[in-house]
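Heads up: the structure comes next, in structure tokens.
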Amino acid sequence: MAGVIDLGTQIWNKNLSFEEGKKYKVFAPSGKGKSTFIHIIYGLRFDYTGEAKLDNINVSTISRDRIAEIRQKDFSIVFQDLRLFLDLTAMENIHVKSVLYEDDPTEKILKFAETLGVKNLLDKKARTLSYGERQRIAIVRALVQPFKWLLLDEPFSHLDKENIRKASQMISEEVNKKNAGLIVTSLGHDDYFTYDFEYQL
Amino acid sequence: MEFGIYYFQLEMRSLLNKIFSRRIGIGKFFLSAIAFLLGFSLVLLSVHFYAKINEFLSPKNQSSDYIILNKEVGLGNTIFGSKAEFTEEDIADLKKQNFVEELGVFTSNQFEVRVHVQGIFSTEAFLESVPENFIDEKPFNFRWNESSEVLPIIIHQDFLNQYNFGFALSRGAPQLSKSTIGMVPLKIELDGPGGRKTFDGKVVGFSERISSVIVPEEFLNWANKTVGSAKTASVPRVIIKVKSDQAGAIEQYFSDHGLKVSEDKFKFSKIYTIINIVMRIILVIGIAFIIFSLVIVILNFALIVADAKEEINLLIQLGYKTRYIFKHLSFYFIVFIISVSILTGAIFFFGKNFLTSFFVDNGISIDEAIGLEVMTVAGSFILLSILISLLSISRVIKNHSRI
């Protein structure tokens, strides 16, 4: 599976393809469109010229239902602004995603939450959590589902070094286990993952 | 921490409930509920009474086609004691006439009758019967056999007025309405050559057509045989259904044969026309109301769904199909519509009973049965509201499912 994007500055206005199983970093300072780029790949926005293709199919032509299926099985995402339901507990936020699948996610959730040090926060409302805690909950939510691509939009912006290390290690494991592709956006230099490609936006 | 077994669908519903409950509170449905209740009840009531009153006004209920005849009572009858009765020949001749469509003979009592209203009233009386199809408003319980406990009676409307204004006022007895007279227990005492018998009587209906005290034919035949004198029943009066285009022939025949029309053809036609117009206006207002309330319901539903657009968006971003969300939101609206409809049903029911007795007391004798047209209107209104709300939900979801 690959997203083919006709964009340049290494990405915008260039032709570029992303291959499953590889790890990509897209870096740029704020305001250059990192989130826009992620949203285009995820099929959230269509206000651009050029084409975004998924398996050679123009994303804008894919039906809503098919997009929903892709988001259930193929693409998982951590939004930069996290997008949690603030009135639900952390656990419920993860369940919102996991109820779409038939297998029991409890064990996985607890394991991920434990690793990231948020297990004791699962019963708290998202509204009461700090941004860094919410970020970790969003990461857990992204990892409980099956995926072929994991999109992380500045995922560690509010985490300390130790938590970043644990999170990136855990994410790497999951991505490798699934032989999935990874696209991470970042402000600049980082060594969170061993990237196969790095693009400046 | 205990999480137990995972029932993902149930869990999904309860999660979506939590997500939407903050956005879609009961309070937001309040305006819709009021508009819906008012419009729906008003329409049902006007359809119901429109149908009932139309039924009441239809030709079969108008007394003008029926004429009650008796022989003119002259000096001879008084002096010689001969009775002004129809002979068999008279009846046979009458039947032959072109203008007669149907003819029914009155049977009268051949014994003494006393009616007692407990503690208030006691009077000599008479009873008559006519074939059933000549009774204008035959109540369902107007039948009798030897095992019946109650003797049903139909009286002329004027009798009630005579009692209320001529008798009750002067005696300080309670006045009775059409709907309450049925509750007054009557004792009917028959006294004749065959002995004395007492029955419990009950007024079950009113006739505009026949100015008499009517009991079922079966009863009078039986009573004349067992209590009354053995001689053949006399025919004091006959009722005929006439062809209305033969007024001239009718009058000629009547005067030739010394017949008298015993009842004025009292016409309500003016009143009917007014009622008809009023009913039409109510129906139009009801329809206008229903359109308004549907519009309010639709707008309000659309607003309620639009309020939840961020939640809808986020769910779609997380991979929810619009179908799930549609199903979930539809559920709220269908529950809403059905519960308000049930409430409307209750309001309609009470309103109908209240207005029916109001109409009955005012001389428009209609029954309480709910007609097919009301059911049809109710059913289609519910379906239409569900359909419209589903459409508006799906439109809002579609509009908000892309950022």
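The values are calculated or read from the model by the stated rules, or taken from the named source; none is laboratory data. Keep in mind it's a predicted model, so treat the numbers as computed, not measured. A quick note on method: Cβ atoms are made from the backbone with ideal geometry, for glycine too, and the neighbour counts reach across all protein chains shown.
Please find, among A:Glu173, A:Glu162, A:Glu198, A:Glu154, the residue that is surrounded by 17 or more Cβ atoms within 10 Å (Cβ to Cβ), more than 14 Å from chain B (Cβ to nearest Cβ) and either within 24 Å of B:Ile325 (Cβ to Cβ) or not β-branched (Val, Ile, Thr) (or both).
Values: A:Glu173 fails: surrounded by 17 or more Cβ atoms within 10 Å (Cβ to Cβ); A:Glu162 fails: surrounded by 17 or more Cβ atoms within 10 Å (Cβ to Cβ); A:Glu198 fails: surrounded by 17 or more Cβ atoms within 10 Å (Cβ to Cβ).
When all the criteria are applied, what remains is A:Glu154.
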Inset, instruction - Provide a single number: the residues in the range B:324-344 that are among the small types (Gly, Ala, Ser) and surrounded by 15 or more Cβ atoms within 10 Å (Cβ to Cβ). - result: 2
Legend entry - Test result for A:Leu159, outside any helix (DSSP H, G or I), at pLDDT below 95, among the hydrophobic types (A, V, I, L, M, F, W, C) and within 22 Å of B:Leu315 (Cβ to Cβ): no
Inset, instruction - Please report, ordered by residue number, the strands (runs of 3 or more DSSP E) entirely within the range B:79-175 with at least 2 residues that are within 30 Å of B:Val242 (Cβ to Cβ) and out of contact with any Phe, Trp or Tyr (no Cβ under 9 Å at 6 or more places or on another chain). - result: B:100-105
Inset, instruction - Mind listing whichever residues of the range B:206-224 are surrounded by fewer than 21 Cβ atoms within 10 Å (Cβ to Cβ) and of a type in the set (S, T, N, Q)? - result: B:Ser211, B:Asn221
Inset, instruction - Within the range A:90-107, identify whether any single residue is in contact with a Lys or Arg (Cβ under 8 Å, 6 or more places away or on another chain) and within 30 Å of A:Asn15 (Cβ to Cβ), and answer yes or no. - result: no
Inset, instruction - Check whether at least one residue in the range B:298-314 is surrounded by fewer than 18 Cβ atoms within 10 Å (Cβ to Cβ) and either touching a strand residue (DSSP E or B) at 6+ places or on another chain (Cβ under 6 Å) or basic (Lys, Arg) (or both), and report yes or no. - result: yes
Inset, instruction - Tell me which residues, restricted to the range B:158-181, are buried (at least 16 other Cβ atoms within 10 Å of the Cβ) and closer than 23 Å to B:Ile135 by Cα. - result: B:Phe159, B:Leu160, B:Tyr163, B:Leu176, B:Lys178, B:Ile181
Inset, instruction - With the condition kept exactly as written, say whether any residue in the range B:286-304 is part of a helix (DSSP H, G or I), hydroxyl-bearing (Ser, Thr, Tyr) and more than 14 Å from chain A (Cβ to nearest Cβ). - result: yes
